[in-house]
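Here's the structure we're looking at; comments come further down.
The values are calculated or read from the model by the stated rules, or taken from the named source; none is laboratory data. Just so you know, these numbers come straight off a predicted model, no measurement behind them. Cβ placement follows ideal geometry from the backbone for every residue including glycine, while neighbour counts extend to all protein chains displayed. Please note that ligands, DNA and RNA were not included when accessible areas were found on the heavy atoms of the full protein model with its side chains. Shrake-Rupley method; radii C 1.70, N 1.55, O 1.52, S 1.80 Å.
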Amino acid sequence: MKYEIYGIKFRKLRKQQHLSLKQAAEGVTSRQTLGNWELGKGDMDFTKVLLLLRKIHVQPIDFLENSVSEYLRQITGEISSMYVNDQTDNLHQYAQHALNVSHDNVKDKIAFFRACVACNYLLDLTGKDLMNKSDKLRLNSFFNKVQNEDEHWYYEDVYFFGNTQSVLNARKIYELAYSLNYYAKGHSTSNKEWTTAVLNTLINALFVLVKKDIETVKFFV
């Protein structure tokens, strides 16, 4: 598991239960490997993460979804602040820079995610779309994978969809909202944060569709 926030989150939970690094790692991994992961300096195999979570009595879905939500809010916090405070010039510069970074690092998913979110908010605020055709194809490709390969909506996917709807076309928003709604109905969970994110994303999709294409909304509602 590569996100730095995972190891950091586990370290916080482990210490809350007064479990030493040695005790947590015993029978699962080495003390050094666990220590590096907790400091955000290494990866951890997912099966080992599950065993580690069992030791601190934390459900995987709660750990994974809450950790990702915290991580995503961290990397988009500055963007949201500029949007809320109507800082159009700053947001424009940030979005353009983020796009340039994503173009230079095509394998960096987080860089692309940050660029898309910034462009999404800029478009909603000013009507200016900085994303080119290749950017849009890359974004659609990401969501096509969610739809076609495993039809599994993780919190990260829901958050990404909810914060990029302005830069998607109306038909794609409809398809994704339908897919998410169908998935949510068939996969009930007690995770309130995930459920709230789904509801907010679907409601936002309706508003964005109204702005983009009133005819599409007739088929959605």
(message) I want to confirm something. Restricting to the range 208-221 and keeping residues that are of a type in the set (A, V, I, L, M) and part of a helix (DSSP H, G or I), which single residue is modelled with the lowest pLDDT?
(response) 217
(message) I need every pair where a residue in the range 84-96 that is more than 12 Å from residue 128 (Cα to Cα) has its Cβ under 9 Å from the Cβ of a residue that is part of a helix (DSSP H, G or I) and among the acidic types (Asp, Glu), sequence separation at least 6 or different chains.
(response) 94/78
(message) Scan the range 68-81 and tell me whether some residue there is closer than 30 Å to residue 115 by Cα, open to solvent by 60 Å² or more (accessible area, probe 1.4 Å) and modelled with pLDDT of 85 or more.
(response) yes
(request) Within the range 17-46, track down each residue that is without any contact (Cβ under 8 Å) to a residue 40 or more places away in the chain, outside any loop (DSSP other than H, G, I, E, B) and either small (Gly, Ala, Ser) or open to solvent by 50 Å² or more (accessible area, probe 1.4 Å) (or both). (result) 22, 23, 24, 25, 31, 32, 33, 35, 36
(message) Conditions first: (1) within 21 Å of residue 191 (Cβ to Cβ); (2) part of a loop (DSSP other than H, G, I, E, B); (3) open to solvent by less than 70 Å² (accessible area, probe 1.4 Å). Residue 57 passes all but one, so which condition is the exception?
(response) (3)
(message) Anything in the range 185-207 that is at pLDDT 90 or above and open to solvent by less than 50 Å² (accessible area, probe 1.4 Å)? List them, or say none.
(response) 198, 201, 202, 205
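So that you can scan it fast, the table gives a plain yes or no per residue for (1) assigned to a helix (DSSP H, G or I); (2) within 25 Å of residue 95 (Cα to Cα):
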{"position": "111", "(1), (2)": "yes, yes"}
{"position": "120", "(1), (2)": "yes, yes"}
{"position": "128", "(1), (2)": "no, yes"}
{"position": "140", "(1), (2)": "yes, yes"}
{"position": "156", "(1), (2)": "yes, yes"}
{"position": "181", "(1), (2)": "yes, no"}
{"position": "189", "(1), (2)": "no, no"}
{"position": "195", "(1), (2)": "yes, no"}
(message) So if I check each of 92, 97, 103, which one is part of a helix (DSSP H, G or I), more than 21 Å from the chain's Cα centre (by Cα) and not basic (Lys, Arg)?
(response) 92
(message) Whether any residue in the range 152-173 is among the β-branched types (Val, Ile, Thr) and open to solvent by 50 Å² or more (accessible area, probe 1.4 Å) is what I want to check.
(response) no
(message) For the range 163-173, give me each residue that is under 19 Å from the mean Cα position of the chain (by Cα), within 18 Å of residue 144 (Cβ to Cβ) and part of a helix (DSSP H, G or I).
(response) 165, 167, 172, 173
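Could you tell me whether residue 11 is touching an Asp or Glu at 6+ places or on another chain (Cβ under 7 Å) and at pLDDT 85 or above?
For residue 11, the condition - touching an Asp or Glu at 6+ places or on another chain (Cβ under 7 Å) and at pLDDT 85 or above - is met.
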